[in-house]
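The values are calculated or read from the model by the stated rules, or taken from the named source; none is laboratory data. Given the structure is predicted, the values throughout are model-derived calculations rather than measurements. Quick reminder, even Gly has a Cβ in these numbers, built from the backbone with ideal geometry, and neighbours come from all protein chains shown. Just so you know, the surface numbers come from the protein's heavy atoms only, side chains and all, with ligands and any DNA or RNA stripped out. Shrake-Rupley method; radii C 1.70, N 1.55, O 1.52, S 1.80 Å.
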Amino acid sequence: MCGIIGYTGEKQAQPILLNGLAKLEYRGYDSCGIAIAAGDIAVYKDAVRVEALKKASPKLTGTSGIGHTRWATHGAPSQINAHPHLDCNGEIAVVHNGVINNYQELRNRLIEEGHTFVSETDTEVIAHLIEKYYGGNLEEAIESAVAEMEGSYTIIVLIKGESGLAVVRKESPLIIGLGDKENFVSSDVPAILDYTDRVIYLEDGDIGFITRNSIKVKSAGKEVKREEHKILWNVEEAQKSGYEHFLLKEIHEQPKVIRNTLGEYTREAEPVTDTFGMESADMESMLILACGTSYYASLVGKYIIEELLRIPVRVEPASEFNYFGHTLAGGVSLAILQSGETADTLRAMKKLKESGHKVIAITNVVGSTASRIASHTVYTRAGPEISVAATKTFMAQLMALYWLALSFSRLGTRKLSSLRNELRQMPGKVQQVLDGEESIVEHARYLSRFENVFFIGRGMNYPIALEGALKLKEISYIHAEGYAAGELKHGPFALLGTDTPVIAIVPGDNTYEAMLTNIKEIKARGSPVIALAEEGNETIEELVDRVITVPRVNPLFTPVVNIVALQLLAYHTARERGCSIDYPRNLAKSVTVE
Ligand code: F6R
């Protein structure tokens, strides 16, 4: 994880770095720091959030600099362990995203050679290694240092007396933003979007040397040309636009996200058949790999694809598959990841490719590592998602999965066309849920008093129960568990009682009667029940304590409206409890370590 940024140009670097870091905080936020070159290198860093660093840092003058916001791996969050890290003489500053696997061995050797270390981090060895090799030739020093490092190390280096920055990309993202007499480097687009929409995506193993007027990129010792791209996201999308939190804004953006994502896969109202890089012949079975919220989207996908295509779908968390997953050689598989950078999913993709699989990535980030590994990439159009908890990217993933299933389904043309039309109605249905936000605020106030909550659902709303529970626990810190409704009586019933509410997802589909039975069993054990039910369902009100109403939709699309209500419930519960909603403790948005 961690966010890194660099600037070299004619303007003062400090405000550019600090503004950029504030936009990269979703990648880690336990400490942060900057280094600016103006003759000497000045460093200011601390175990605080970027806003506090902005207020506390003295004015550092200089037009080249680097910055970092951290998600600790080696060494607790502290002022000493915060980046940038320096060499012995304070003339080489480094910021790093990744993990140096052989850092202990390098550190021991460098100490024997006379280097003094001050932090517990793996990153500090990079500064000392470059120091060891730097005799005035920047390229040679960086290349020699890199040759000794093992692991993942996307870095930006600032050296006293050098004009500009050196960068290396290894297994974490890095982009170069192109300006007029100025250039930028960053982990991600939002940090530089205020200044430029022209970028170069570096590839794994690239080493770059960047001055205000020039970019030189080398790969395997040879100079290479990397294509320039125009960013389609706009500044507005990466700002709060009047909302109290990014999370709330992103929840509210979902009608647009559905329209944009479906629009991406459709031309003149017809599906684009080659969108998914697959053919009907590939559709005998399917394997989907993902992590976290993307894993839950994949589980919804399993139900959708099995229902519409009548093929078996296997879904596994990528972290498990990497150690225990066996596959037949060949075949087609899907990897779903909003960031395009999740280490576990990338590793699973590589494993599948090695066994001859064609791997299709579904991701939200153009130019991400996943898109480089995949045989084919399907982009979701959620726009930048800043809040650590995923909401609109989950919705966009659902849309990609619905469209995939509808594109390959063998149902009759009329039925398919009617389902596609219903899917296109979803922005309006989601808007209806959003319009009911006020009533959800009241339910959230009630929920915020509890410390343990169960979410239950059946069929394709079982993964929605899992995702609803994940949203609640990660942003409100209430312990929440998602369960298949029929499973609750096989043990968890022991935890039911007046202080353990159950949130039951009750669509009017073939799970309805079974859900009512489960609710009665739960009520008999004293737990308060909040039902998520369709408008017009009056029976449910007599059975439960509270009802959150969602619009009636085709049973296939109930996850779409239900998840939005649960996102709002989690958001307002967390707000009621005064939590750090966009940046929950201990988390980071893209998890680039195993
Ligand atoms: C939860 C959340 C995480 C991510 C997970 C995978 O709100 O955001 O669980 O879903 O870290 O991230 P991606 O989709 O980038 O692989």
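Quick notes
- Of residues in the stretch 403-457 being among the β-branched types (Val, Ile, Thr) and surrounded by fewer than 22 Cβ atoms within 10 Å (Cβ to Cβ), the one farthest from Pro559 (Cα to Cα): Thr413
- Being within 14 Å of the ligand (Cβ to nearest atom) and at pLDDT below 95 is a description that does not apply to Thr391.
- Looking across Lys55, Lys11, Lys59, Lys45, one residue alone is within 27 Å of the chain's Cα centre (by Cα), open to solvent by 10 Å² or more (accessible area, probe 1.4 Å), more than 19 Å from Asp188 (Cα to Cα) and not acidic (Asp, Glu). It is Lys45.
- Residue list for the stretch 116-129, restricted to those being touching a helix residue (DSSP H, G or I) at 6+ places or on another chain (Cβ under 6 Å) and either buried (at least 19 other Cβ atoms within 10 Å of the Cβ) or on the phi > 0 side of the Ramachandran plot (or both): Asp122, Val125, His128, Leu129
- Any hit, the stretch 432-450, residues being under 20 Å from Arg27 (Cα atoms) and either of a type in the set (Lys, Arg) or within 15 Å of the ligand (Cβ to nearest atom) (or both): no
- Subset of the stretch 299-321 that is within 14 Å of the ligand (Cβ to nearest atom) and touching a residue at least 40 places away in the same chain (Cβ under 8 Å) - its residue that is farthest from Asn510 (Cα to Cα): Ser319
- No other residue among Gly340, Gly331 is away from the ligand (no atom under 11 Å from the Cβ) and at pLDDT below 95 apart from Gly331.
- Sole exception among (1) modelled with pLDDT under 95; (2) in a loop (DSSP other than H, G, I, E, B); (3) within 13 Å of the ligand (Cβ to nearest atom); (4) not acidic (Asp, Glu) for Ser371, by number: (2)
- The number of residues in the stretch 361-392 that are β-branched (Val, Ile, Thr), more than 25 Å from Lys170 (Cβ to Cβ) and in contact with a Gly (Cβ under 9 Å, 6 or more places away or on another chain) comes to 1.
Yes or no, residue by residue, for (1) open to solvent by 60 Å² or more (accessible area, probe 1.4 Å); (2) away from the ligand (no atom under 16 Å from the Cβ); (3) under 26 Å from Lys392 (Cβ atoms); (4) touching a His at 6+ places or on another chain (Cβ under 8 Å):
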{"residue": "Glu474", "(1), (2), (3), (4)": "no, no, yes, no"}
{"residue": "Gly482", "(1), (2), (3), (4)": "no, no, yes, no"}
{"residue": "Glu487", "(1), (2), (3), (4)": "yes, yes, no, no"}
{"residue": "Ala494", "(1), (2), (3), (4)": "yes, yes, no, no"}
{"residue": "Thr498", "(1), (2), (3), (4)": "yes, yes, no, no"}
{"residue": "Ile503", "(1), (2), (3), (4)": "no, yes, yes, no"}
{"residue": "Met515", "(1), (2), (3), (4)": "no, yes, no, no"}
{"residue": "Ile519", "(1), (2), (3), (4)": "no, yes, no, no"}
{"residue": "Lys523", "(1), (2), (3), (4)": "yes, yes, no, no"}
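- Which listed residue, of Glu541, Glu534, is open to solvent by 30 Å² or more (accessible area, probe 1.4 Å) and under 29 Å from Ile251 (Cα atoms): Glu541
- Tally, over the stretch 84-113, of residues that are of a type outside the set (S, T, N, Q) and either under 19 Å from Ser57 (Cα atoms) or open to solvent by less than 20 Å² (accessible area, probe 1.4 Å) (or both): 14
- Residue identified as within 15 Å of the ligand (Cβ to nearest atom), more than 19 Å from Ala504 (Cβ to Cβ) and open to solvent by less than 30 Å² (accessible area, probe 1.4 Å) among Ala588, Ala570: Ala588
- None of Ser186, Ser119, Ser78, Ser172 is touching a strand residue (DSSP E or B) at 6+ places or on another chain (Cβ under 8 Å) and at pLDDT below 95 except Ser172.
- Qualifying residues in the stretch 343-368 (those that are open to solvent by less than 20 Å² (accessible area, probe 1.4 Å) and of a type in the set (Gly, Ala, Ser)) - the one farthest from the ligand (Cβ to nearest atom): Gly367
- Pair list, Cβ under 6 Å, 6 or more apart: the stretch 273-296 residue among the hydrophobic types (A, V, I, L, M, F, W, C), other residue more than 8 Å from the ligand (Cβ to nearest atom) and open to solvent by 60 Å² or more (accessible area, probe 1.4 Å): Leu287/Arg314
- Scan of the stretch 66-83 for residues that are in contact with a helix residue (DSSP H, G or I) (Cβ under 8 Å, 6 or more places away or on another chain) and either more than 16 Å from Phe117 (Cβ to Cβ) or crowded, with 24+ Cβ neighbours inside 10 Å (or both), ordered by number: Ile66, Gly67, His68, Thr69, Trp71
- Leu416 meets the conditions (1) aliphatic (A, V, I, L, M); (2) within 15 Å of the ligand (Cβ to nearest atom); (3) assigned to a helix (DSSP H, G or I); (4) without any contact (Cβ under 8 Å) to a residue 60 or more places away in the chain in every case but one. The failed one is (2).
- Some residue of the stretch 179-200 being under 21 Å from Thr8 (Cα atoms), part of a strand (DSSP E or B) and over 31 Å from the mean Cα position of the chain (by Cα): no
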